[in-house]
Amino acid sequence: MSLELALEEYQDIVVITLDGIVQPDNADFLHNSLNALTRDGYSRFVLDCTQLKSINSDGLAVLYDLFLELPPNGKIVLCNANRRIRGLLDISGLGHYLPCVESRDTAMKTIRNEIGHLDLDWTEEHHTAG
């Protein structure tokens with residue numbers, strides 16, 4: 001199964017919708033896509049896992065590597081992850097570094113650290129691997 005990424009930009013936050021399965025044959029695609037965003041100056045990410053079926057240790061390593069490379073004002077928040085993915089984050093200890101919340105709106109608010117209005121002007125791109 002392939003992995004598709006849809007990117008939406010909300011001011012300084014990039015929302016990445018993951019669709020499919022992160023496995024050894026496409027973890028490099030995820031890694032390269034996230035690295036390209038950080039090279040472009042982005043450091044705040046919401047990973048929407050609504051359509052993410054599964055992620056293995058390779059995918060978790062990619063997310064942890066991204067976390068390690070972020071500047072001090074950077075942040076990654078996952079949202080809409082299924083119970084299995086949330087369990088993997090907890091068991092691996094990555095949940096401490098990569099919080100997982102119930103909705104995209106909560107993830108955006110977590111990053112912005114505010115309750116107020118969010119400007120939802122965005123641009124969208126789609127990427128596919130595998």
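The values are calculated or read from the model by the stated rules, or taken from the named source; none is laboratory data. Quick caveat: nothing in here was measured; it's all calculated off a predicted structure. Heads up, the Cβs are rebuilt from the backbone with ideal geometry, glycines too, and the neighbour counts pull from every protein chain shown.
Worth a mention:
- Qualifying residue in the range 7-25 (condition: assigned to a helix (DSSP H, G or I) and touching a helix residue (DSSP H, G or I) at 6+ places or on another chain (Cβ under 6 Å)): no
- Going through (1) within 18 Å of residue 99 (Cα to Cα); (2) at pLDDT below 95 one by one, residue 45 falls short only on (2).
- Residue 85 falls short of the stated requirement of being in a strand (DSSP E or B) and at pLDDT 95 or above.
- Of the candidates 19, 28, the single residue that is among the charged types (D, E, K, R) and surrounded by 15 or more Cβ atoms within 10 Å (Cβ to Cβ) is 19.
- Top-ranked residue of the range 36-55 - restricted to ones that are touching a helix residue (DSSP H, G or I) at 6+ places or on another chain (Cβ under 8 Å) and more than 17 Å from residue 111 (Cα to Cα), ranked as surrounded by the fewest Cβ atoms within 10 Å (Cβ to Cβ): 54
- Selection status of residue 29, modelled with pLDDT of 95 or more and more than 21 Å from residue 100 (Cα to Cα): yes
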